[in-house]
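Structure first, commentary second.
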Amino acid sequence: MENTKSYTEAILPGPSSNPPVTFYTRAYAPVPPAKPKAAIVHVHGFLEHSGRYTRPHSRWAAAGFAVFSYDQRGFGLTSLEEDGKHKKGLGVSLYGHASDTEQVRDVLWAIERVEEQWPGTPIYLMGHSMGGGLVLAALTRAGTQEQLTSKIRGVIASSPCIALTHPPSSVLRRAGGWASKVLPNMPLNAPVDGSALSHDSSVGEAFKADPLIQAKVTVGIVEAMLSRGEELSNKRKISWPTTLPLLVIQGDKDEVCSINATRKFFEKVEAKDKSLSVYPGGYHELHNEPDGVAEKFVDELISWVQTHVDSPQAPAFGRTASRL
């Protein structure tokens with residue numbers, strides 16, 4: 001049977017860790033002999049996996065761009081079999097296990113894979129939800145800011161997890177922070193409401209039925225996600241690499257990640273070339289919204305990257321826009 005997949009799959013050894021982890025990856029690219037105009041490293045959100053992005057990533061490839069995505073440490077086919085059974089490392093389930101340090105290191109690892117696969121191609125880093133908070137935090141830390149800036153040409157944060165729209169109480173947060181230090185591998189049930197992802201109910205139904213999406217994770221991985229957001233929220237000013245463009249994009253009816261926290265972050269981030277694009281009425285996953293919204297969303301991302309590829313110093317100084 002002819003292979004009609006728009007991507008190639010690979011299982012790649014990750015950076016050194018204990019237990020060792022091999023990553024499920026996908027690569028999308030223009031049809032040869034065309035060379036990609038730029039490459040996007042995509043970092044998915046909490047509980048999910050790269051397989052939920054086939055449609056938008058295929059559109060990137062059709063527009064002449066490459067996309068490299070991977071199932072994050074602790075999620076998807078990196079930690080599960082296709083039927084949802086847990087993979088194990090040193091006798092322990094890999095699902096739902098990851099530290100902040102490991103997740104940041106994995107982003108650098110993914111960028112290096114792109115440098116190997118498409119040498120000389122401009123690289124843009126994009127994260128959604130948990131992945132969005134991850135890439136933003138990594139770019140604002142002295143330890144990783146310089147490493148990342150030397151490798152990428154721009155950053156896109158889609159519905160970033162800076163704060164939850166409906167956060168846990170302060171008592172629960174303190175308890176979670178304590179537990180993550182004492183018992184980071186303690187199981188924790190942390191479901192995501194599928195109906196809050198898109199106005200298209202089939203998206204939520206598919207999310208709920210997906211064997212690769214399981215709500216029981218660990219205290220440690222949830223703490224890593226929430227503490228990163230608090231790290232971004234609590235700073236009076238947020239340093240940003242001077243020459244690195246930033247696009248933040250989110251729906252104003254996001255019931256998963258707080259649009260207000262995103263707006264506050266955008267106001268504080270010290271980026272010269274920054275844009276905030278807000279979609280009125282948009283839910284958490286703009287790439288899965290119906291009525292043409294998903295297409296407008298991907299088109300906007302492609303246009304933003306294309307503009308910066310054509311003119312690396314393209315100005316977008318402090319621009320905020322709403323999309324109908």
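Remarks
- Which numbered condition Glu205 misses (of (1) under 26 Å from Gly282 (Cα atoms); (2) surrounded by 14 or more Cβ atoms within 10 Å (Cβ to Cβ); (3) among the acidic types (Asp, Glu)): (2)
- Residues of region 17-43 that are surrounded by fewer than 21 Cβ atoms within 10 Å (Cβ to Cβ) and within 13 Å of Gly89 (Cβ to Cβ): Ser17, Asn18, Pro19, Pro20, Thr22.
- When every residue of region 48-63 is checked against the conditions, none turns out to be at pLDDT 95 or above, assigned to a strand (DSSP E or B) and over 22 Å from Ile221 (Cα atoms).
- Considering region 47-72, the residues that are within 16 Å of Arg113 (Cα to Cα) and in contact with a helix residue (DSSP H, G or I) (Cβ under 6 Å, 6 or more places away or on another chain) include one that is surrounded by the fewest Cβ atoms within 10 Å (Cβ to Cβ), namely Asp71.
- Top-ranked residue of region 252-294 - restricted to ones that are of a type in the set (D, E, K, R) and over 18 Å from Thr140 (Cβ atoms), ranked as surrounded by the most Cβ atoms within 10 Å (Cβ to Cβ): Glu285
- All told, His166 meets the bar of being in contact (Cβ under 8 Å) with a residue 40 or more places away in the chain, surrounded by fewer than 18 Cβ atoms within 10 Å (Cβ to Cβ) and out of contact with any Cys (no Cβ under 8 Å at 6 or more places or on another chain).
Rundown of residues vs (1) more than 28 Å from Ala142 (Cβ to Cβ); (2) part of a helix (DSSP H, G or I); (3) in contact with a helix residue (DSSP H, G or I) (Cβ under 9 Å, 6 or more places away or on another chain), yes/no style:
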{"site": "Pro168", "(1), (2), (3)": "yes, no, yes"}
{"site": "Ala175", "(1), (2), (3)": "yes, yes, no"}
{"site": "Glu205", "(1), (2), (3)": "yes, yes, yes"}
{"site": "Pro211", "(1), (2), (3)": "yes, no, no"}
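- Taking the conditions (1) in a helix (DSSP H, G or I); (2) modelled with pLDDT of 95 or more in turn, Glu146 satisfies each one other than (2).
- Per-region count, region 49-73, residues touching a residue at least 40 places away in the same chain (Cβ under 8 Å) and over 14 Å from the mean Cα position of the chain (by Cα): 9
- Residues in region 115-134 that are surrounded by fewer than 24 Cβ atoms within 10 Å (Cβ to Cβ) and either free of Cβ contacts under 8 Å to residues at least 12 places away in the same chain or assigned to a helix (DSSP H, G or I) (or both): Glu115, Glu116, Gln117, Pro119, Gly120.
- Being free of Cβ contacts under 8 Å to residues at least 40 places away in the same chain and farther than 22 Å from Asp254 by Cα is not true of Arg153.
- Residue within region 85-103 that is aliphatic (A, V, I, L, M), buried (at least 23 other Cβ atoms within 10 Å of the Cβ) and over 16 Å from the mean Cα position of the chain (by Cα) present: no
- Extreme residue, surrounded by the most Cβ atoms within 10 Å (Cβ to Cβ), among residues of region 219-251 that are modelled with pLDDT of 95 or more and assigned to a strand (DSSP E or B): Gln250
- Single residue of region 282-298 satisfying the filter (outside any helix (DSSP H, G or I) and under 18 Å from Phe46 (Cβ atoms)) that is farthest from the chain's Cα centre (by Cα): Tyr283
- Flag for Ser158 being buried (at least 24 other Cβ atoms within 10 Å of the Cβ) and either at pLDDT 95 or above or not basic (Lys, Arg) (or both): yes
Results for (1) touching a strand residue (DSSP E or B) at 6+ places or on another chain (Cβ under 6 Å); (2) farther than 18 Å from Glu48 by Cα; (3) at pLDDT 95 or above, shown as yes or no for each residue.
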{"residue": "Val104", "(1), (2), (3)": "no, no, yes"}
{"residue": "Leu108", "(1), (2), (3)": "no, yes, yes"}
{"residue": "Ile111", "(1), (2), (3)": "yes, yes, yes"}
{"residue": "Thr121", "(1), (2), (3)": "yes, yes, yes"}
{"residue": "Met130", "(1), (2), (3)": "no, no, yes"}
{"residue": "Ala137", "(1), (2), (3)": "no, yes, yes"}
{"residue": "Arg141", "(1), (2), (3)": "no, yes, no"}
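- Close pairs (7 angstrom Cβ cut-off, 6 or more residues apart or separate chains): touching a residue at least 40 places away in the same chain (Cβ under 8 Å) in region 194-221, assigned to a strand (DSSP E or B) and buried (at least 21 other Cβ atoms within 10 Å of the Cβ) anywhere: Leu212/Leu80
The values are calculated or read from the model by the stated rules, or taken from the named source; none is laboratory data. None of these values were measured; they are calculated from a predicted model. Cβ atoms come from the backbone with ideal geometry, glycine included; neighbour counts cover every protein chain shown.
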